[in-house]
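What follows is a set of notes on a single structure, which appears directly below.
The numbers here are math on the coordinates, done by the rules we state, and not lab data. The structure displayed is predicted, hence computed values, not measured ones. We place every Cβ from the backbone using ideal geometry, glycine too, and count neighbours over all the protein chains shown.
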Amino acid sequence: MPRVKRGVMHQKKKRALRRATKGFSGNRRNTLKLGKTAIKKAGVYAYVGRKLKKRDYRGLWQTRISAAAATEGFSYSRLIGALHQKGIALDRKVLAQLATDYPKIFSAIVAEVKK
């Protein structure tokens, strides 16, 4: 069997690593060993950050709904409970968007819940 040299693949992997670590500081950008660990940790941080972003947005939606419900004479928890009892299936993201962008529609929903 002929001899297989792997220099091309090694250079390709190094090039991909260098592109991925572009913008990193110190030797994390230049050396392979530190670059590999930096890429792994960056991936972990990115994953965690995506989960935290979802958490932060849910809190923002709750605050917006609570503020809009207070103008209608409802507390947040009573409004959500009443929506569930009436079978109105609107999630918090949509409710927050209605509360900020379309207050008339939001007040109509609250009026429907008050019945």
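Based on other C-beta atoms within 10 Å, arrange 109, 65, 39 from fewest to most.
Numbers: 109 20, 65 24, 39 16.
Exposure proxy ranking, most exposed first: 39, 109, 65.
Relative to the longest principal axis of the Cα atoms of the chain, helix 92-101 runs at roughly 70 degrees.
This ranking places 57, 47 by how few other beta-carbon atoms lie within 10 Å of each, fewest first, which gives 47, 57. What net charge do the residues around residue 58 carry, taking every other residue with its C-beta under 9 Å from that of residue 58, with Lys and Arg at +1 and Asp and Glu at -1? Charge balance near residue 58 sits at +3.
Which of the lysines could a cross-linker span from residue 5 if the Cα-Cα distance has to be under 30 Å and same-chain partners fewer than 8 positions apart are dropped? Those lysines meeting the cut-off are 13, 14, 22, 33, 36, 40.
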